[in-house]
Amino acid sequence: MSRIDESRTFVPLNIAVLTISDTRTLDDDKSGNTLVERLEGAGHRLADRAIVPDDVGMIRSKVKGWIADKGIDVVISTGGTGFTGRDVTPEAVEPLFEKRMEGFSVLFHHISIPKIGSSTIQSRATAGVAGATYIFCLPGSPGACKDAWDGILGNQLDYRHRPCNFVEIMPRLDEHLRRPKAAGATA
């Protein structure tokens with residue numbers, strides 16, 4: 001059973017929040033605000049925040065910039081994960097993943113079923129790791145953002161969460177980039 005180990009010190013992370021929308025502004029971005037409130041309430045730092053339209057190039061460019069920024073540990077996006085013609089977040093972000101986090105989508109849908117039933121099938125929530133940065137792409141509703149944070153991210157982004165969490169493996173996310181070639185090996 002999962003629990004918080006109070007003997008461990010909380011480690012605040014630098015988290016960037018990206019809202020994908022053709023119509024939202026910072027004044028009316030309820031989903032983005034939900035994520036900011038939750039991450040700051042947990043003790044993490046908002047590293048950056050942006051709103052970009054439903055455009056593959058613009059989404060990818062923003063996320064790539066945050067992946068390259070060593071001051072950002074986590075990127076959470078909201079919006080663009082549905083099936084309409086303008087929903088392109090997975091297409092924009094998944095090619096950046098070095099490793100996909102298949103279990104994130106599975107767990108997100110599991111958490112959503114009691115709340116929205118079979119309508120959860122309309123979400124293409126996804127997650128992965130790129131450049132030692134965790135990336136989570138959530139649907140564009142405040143409810144989905146609450147569910148993802150409260151049911152998954154709040155615990156996994158807390159170093160005290162047991163039996164394991166994302167924070168404790170962060171120092172090893174880029175070990176493949178630091179590993180020297182084996183003697184005599186050819187590329």
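Does any residue of segment 101-122 turn out to be at pLDDT below 95 and under 17 Å from Ile20 (Cβ atoms)?
Yes, there is a match, as at least one residue in segment 101-122 is at pLDDT below 95 and under 17 Å from Ile20 (Cβ atoms).
Restricting to segment 98-115, and then to whatever is hydrophobic (A, V, I, L, M, F, W, C) and surrounded by fewer than 15 Cβ atoms within 10 Å (Cβ to Cβ), can you tell me which residue is nearest to Lys30 (Cα to Cα)?
Looking only at segment 98-115, we keep the residues that are hydrophobic (A, V, I, L, M, F, W, C), and these are 101, 104, 106-108, 111, 113.
After this cut, where a residue has to be surrounded by fewer than 15 Cβ atoms within 10 Å (Cβ to Cβ) as well, the list is 106, 113.
Numbers: Val106: 25, Ile113: 22 Å.
So the residue we want is Ile113.
Got at least one residue in segment 119-131 being in a strand (DSSP E or B), in contact with a Pro (Cβ under 6 Å, 6 or more places away or on another chain) and within 23 Å of Val63 (Cα to Cα)? Give the derivation first.
If we filter segment 119-131 for residues that are in a strand (DSSP E or B), which is where we start, we get 126-130.
Add one more test, that the residue is in contact with a Pro (Cβ under 6 Å, 6 or more places away or on another chain), and what stays is 126.
Imposing the further condition that a residue be within 23 Å of Val63 (Cα to Cα) reduces the set to 126.
Checking segment 119-131: at least one residue is in a strand (DSSP E or B), in contact with a Pro (Cβ under 6 Å, 6 or more places away or on another chain) and within 23 Å of Val63 (Cα to Cα).
Every residue, every condition in (1) charged (D, E, K, R); (2) closer than 20 Å to Trp66 by Cα; (3) out of contact with any Phe, Trp or Tyr (no Cβ under 6 Å at 6 or more places or on another chain), yes or no:
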| position | (1), (2), (3) |
| --- | --- |
| Arg100 | yes, yes, yes |
| Val106 | no, no, yes |
| His110 | no, no, yes |
| Pro114 | no, no, yes |
| Ser118 | no, no, yes |
| Ala132 | no, yes, yes |
| Asp150 | yes, no, yes |
| Asn155 | no, no, yes |
| Tyr159 | no, no, yes |
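Mind telling me which of the residues Gly41, Gly79, Gly71, Gly57 ends up being out of contact with any Phe, Trp or Tyr (no Cβ under 6 Å at 6 or more places or on another chain), buried (at least 21 other Cβ atoms within 10 Å of the Cβ) and among the small types (Gly, Ala, Ser)? Spell out how you get there, then give the answer.
Details: Gly41 fails: buried (at least 21 other Cβ atoms within 10 Å of the Cβ); Gly71 fails: buried (at least 21 other Cβ atoms within 10 Å of the Cβ); Gly57 fails: buried (at least 21 other Cβ atoms within 10 Å of the Cβ).
Only one candidate passes the filter, namely Gly79.
What pairs can you find where one residue is in segment 1-28 and over 27 Å from Cys164 (Cα atoms), the other is modelled with pLDDT under 95, and their Cβ atoms are less than 6 Å apart, with a gap of 6+ or different chains?
That search, which allows pairs on different chains as well, returns Ile20/Gly80.
Could you check how many residues of segment 138-187 are surrounded by 16 or more Cβ atoms within 10 Å (Cβ to Cβ), modelled with pLDDT under 95 and part of a helix (DSSP H, G or I)?
1
Whether any residue in segment 33-40 is acidic (Asp, Glu) and not in a strand (DSSP E or B) is what I want to check. Reasoning before the result, please.
First, pick out the residues of segment 33-40 that are acidic (Asp, Glu): 37, 40.
Right, trim to not in a strand (DSSP E or B) and you get 37, 40.
Yes, there is a match, as at least one residue in segment 33-40 is acidic (Asp, Glu) and not in a strand (DSSP E or B).
Of all residues in segment 104-118, which are over 23 Å from Ile72 (Cα atoms) and either free of Cβ contacts under 8 Å to residues at least 40 places away in the same chain or in a loop (DSSP other than H, G, I, E, B) (or both)?
Within segment 104-118, Val106, His109, His110, Ser112, Ile113, Pro114, Lys115, Ile116, Gly117, Ser118 qualify.
I'm trying to understand the selection: among the residues of segment 119-135, which are surrounded by 14 or more Cβ atoms within 10 Å (Cβ to Cβ) and without any contact (Cβ under 8 Å) to a residue 24 or more places away in the chain?
Thr120, the sole residue that qualifies.
The values are calculated or read from the model by the stated rules, or taken from the named source; none is laboratory data. It should be emphasised that the depicted structure is a prediction, and the values quoted were computed from it without experimental measurement. Neighbour counts are summed over all protein chains in view; Cβ atoms, including those assigned to glycine, are modelled from backbone coordinates with ideal geometry.
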